[in-house]
Amino acid sequence: MAESQAEFPDYLDVDYTDGEGETPENYPSIEHKLEKALEVVETGLREYENPAVMWTGGKDSTLTLYFVKEVVEANDDLELPTTVFIDHYQHFDELMDFVRHWADEWDLEVKWARNTDVGDYVEANDLEPGDDIPVDALSEHNQHHIRNILEYEEETFPFLLDTYVGNHLLKTVALNDTLESEDIDGIISGIRWDEQEARADETFFSPRHDPDIYPPHDRIQPILQFKEADVWDAFWYFVVPETVAGYPEDGYVPQGFDDLPEGIEIEDIPVSPKYFAGFRSLGSEISTDKSAEEPAWLQDMENTTERAGRAQDKEDLMERLRDLGYM
């Protein structure tokens with residue numbers, strides 16, 4: 001283990017109780033939410049020796065990335081940290097195009113976190129999602145996770161992201177291996193209190209220090225206080241006007257693909273086209289459906305479930321998955 005990880009967290013001065021017992025209602029305006037997000041980001045960038053930003057290409061992590069960029073641009077002594085993207089091999093093509101485009105536009109250093117042992121087996125055997133992978137065909141490292149950590153006893157498991165074994169190998173193991181190889185001590189992630197019950201008790205600085213489960217690190221979580229609707233307000237009234245040349249300075253909420261200010265194309269906007277197409281949550285291409293026909297920000301966010309289009313077998317396992325290091 002690298003020296004900084006061995007000492008972790010002795011060099012930190014963060015308040016692990018910050019946000020404890022709070023809800024989005026403790027931050028009554030979008031300005032309050034923005035101010036807290038920027039404060040958490042700056043503290044994270046200053047306190048951690050080697051922080052990184054978790055980016056999925058989704059709205060929450062893209063908003064978080066925007067806040068990181070804003071803090072760095074406002075402080076000459078801070079540098080933009082590495083961006084970590086977990087490639088689980090089952091992304092929407094449009095999402096991958098979006099991530100590559102904006103990584104280039106924003107000059108991001110992206111670390112692609114992949115479980116290449118699984119990926120190489122899938123490619124070598126021309127597997128499709130849902131096809132079985134023999135446990136004994138994988139590395140000792142992956143077999144250890146399957147047998148000893150997950151206590152999975154079957155001889156094969158399906159190549160599917162939204163299952164217990166699939167999610168753990170393709171996302172959690174890929175992330176934890178990257179945290180270790182890159183010596184990352186703080187991962188800045190875009191989770192929210194209102195998103196799932198399993199995340200409702202998170203704090204802005206959340207310790208993950210058990211070396212038997214993951215490389216010791218902290219989760220830095222600047223947008224816990226945002227509700228889904230707040231995220232979209234932040235995009236259309238702050239993020240897009242401030243990053244897209246020619247966009248109305250006071251903001252504008254598009255009603256669809258064809259309703260953008262003159263001279264602005266969908267490719268100019270740091271919002272995935274999947275949200276314009278009716279998706280409210282972006283997961284696996286195989287197991288995520290659109291929620292409605294209208295864009296995500298125009299849907300009934302108060303009376304419908306944000307992750308209704310996601311595979312519920314994985315959602316039901318969220319607490320166990322998070323105990324193993326899932327975001």
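Run Arg100 past the list (1) within 18 Å of the chain's Cα centre (by Cα); (2) over 29 Å from Asp268 (Cβ atoms); (3) open to solvent by 70 Å² or more (accessible area, probe 1.4 Å) and report the number of the one that doesn't hold.
With respect to (1) within 18 Å of the chain's Cα centre (by Cα); (2) over 29 Å from Asp268 (Cβ atoms); (3) open to solvent by 70 Å² or more (accessible area, probe 1.4 Å), Arg100 is out only on (2).
Only residues in the stretch 12-36 that are under 21 Å from Glu302 (Cα atoms) count as the first member; pair them with residues that are at pLDDT below 95 and part of a loop (DSSP other than H, G, I, E, B), Cβ under 7 angstrom, at least 6 apart or cross-chain, and list the lot.
From the stretch 12-36, the pairs are Pro24/Asp194.
Is one or more of the residues making up the stretch 242-258 open to solvent by 70 Å² or more (accessible area, probe 1.4 Å), closer than 26 Å to Thr172 by Cβ and among the hydrophobic types (A, V, I, L, M, F, W, C)?
no
Could you list all residues from the stretch 71-97 that are buried (at least 18 other Cβ atoms within 10 Å of the Cβ), of a type in the set (A, V, I, L, M, F, W, C) and under 17 Å from the mean Cα position of the chain (by Cα)?
Val84, Phe85, Ile86, Phe92, Leu95 - these are the residues of the stretch 71-97 that are buried (at least 18 other Cβ atoms within 10 Å of the Cβ), of a type in the set (A, V, I, L, M, F, W, C) and under 17 Å from the mean Cα position of the chain (by Cα).
Within the group Glu7, Glu25, Glu47, which residue is under 24 Å from Pro215 (Cα atoms), modelled with pLDDT of 95 or more and either open to solvent by 20 Å² or more (accessible area, probe 1.4 Å) or in contact with an Asp or Glu (Cβ under 8 Å, 6 or more places away or on another chain) (or both)?
Checking each option against the conditions leaves just Glu47.
Suppose we filter the stretch 179-203 for residues that are modelled with pLDDT of 95 or more and either of a type in the set (Asp, Glu) or under 15 Å from the mean Cα position of the chain (by Cα) (or both); how many remain?
Total meeting the criteria: 14.
Among Val53, Val68, Val40, which is the only one that is within 17 Å of Ile191 (Cα to Cα), outside any helix (DSSP H, G or I) and open to solvent by less than 30 Å² (accessible area, probe 1.4 Å)?
Val53
Give me a count of the residues in the stretch 138-171 that are in contact with a strand residue (DSSP E or B) (Cβ under 9 Å, 6 or more places away or on another chain) and open to solvent by less than 60 Å² (accessible area, probe 1.4 Å).
12
Scan the helices (runs of 4 or more DSSP H) fully inside the stretch 96-168 and keep the ones with 2 or more residues being touching a helix residue (DSSP H, G or I) at 6+ places or on another chain (Cβ under 8 Å) and closer than 29 Å to Pro81 by Cβ.
Result: 116-124, 140-144.
Return only the number of the condition from (1) part of a loop (DSSP other than H, G, I, E, B); (2) open to solvent by less than 20 Å² (accessible area, probe 1.4 Å) that Ser61 does not satisfy.
Ser61 satisfies every listed condition except (1).
Filter the stretch 192-209 down to the residues that are open to solvent by 10 Å² or more (accessible area, probe 1.4 Å), touching a Lys or Arg at 6+ places or on another chain (Cβ under 8 Å) and in a loop (DSSP other than H, G, I, E, B) and list them by number.
Scanning the stretch 192-209 gives Trp193, Asp194, Glu195, Gln196, Glu202.
Being without any contact (Cβ under 8 Å) to a residue 40 or more places away in the chain, of a type outside the set (A, V, I, L, M) and surrounded by 16 or more Cβ atoms within 10 Å (Cβ to Cβ) is the filter here; which residues of the stretch 120-131 pass it?
Tyr121
Scan the stretch 259-308 residue by residue and report those that are open to solvent by 70 Å² or more (accessible area, probe 1.4 Å), within 22 Å of the chain's Cα centre (by Cα) and over 26 Å from Trp193 (Cβ atoms).
Scanning the stretch 259-308 gives Glu267, Glu285, Ile286.
Hey, among the residues in the stretch 280-327 that are at pLDDT 90 or above and of a type in the set (Lys, Arg), which one's nearest to Phe159 (Cα to Cα)?
Ranking the qualifying residues of the stretch 280-327, first place goes to Lys290.
Show the residue pairs that are 6+ apart or on different chains and have beta-carbon atoms under 6 Å apart, the first residue being within the stretch 240-267 and closer than 24 Å to Lys69 by Cα, the second being not in a loop (DSSP other than H, G, I, E, B) and not hydroxyl-bearing (Ser, Thr, Tyr).
Partner pairs satisfying both residue conditions: Val244/Asp268; Tyr247/Val240; Tyr247/Pro241; Glu249/Pro241; Gly251/Trp236; Gly251/Pro241; Val253/Trp236; Ile266/Pro273.
So Trp106 clears everything in (1) over 15 Å from the mean Cα position of the chain (by Cα); (2) hydrophobic (A, V, I, L, M, F, W, C); (3) buried (at least 20 other Cβ atoms within 10 Å of the Cβ); (4) within 30 Å of Lys290 (Cβ to Cβ) except one condition, right? Which one?
(3)
Checking Tyr252 against (1) more than 27 Å from Leu161 (Cβ to Cβ); (2) touching a Gly at 6+ places or on another chain (Cβ under 9 Å), only one condition comes out false. Which one?
Answer for Tyr252: the failing condition is (2).
The values are calculated or read from the model by the stated rules, or taken from the named source; none is laboratory data. As the structure is a prediction and not an experimental result, all values here were calculated from the model. All Cβ positions, even for glycine, are placed from backbone atoms using ideal geometry, and neighbour counts span all protein chains on display. Ligands, DNA and RNA are excluded from the accessible area calculation, which covers all protein heavy atoms including side chains. Shrake-Rupley method; radii C 1.70, N 1.55, O 1.52, S 1.80 Å.
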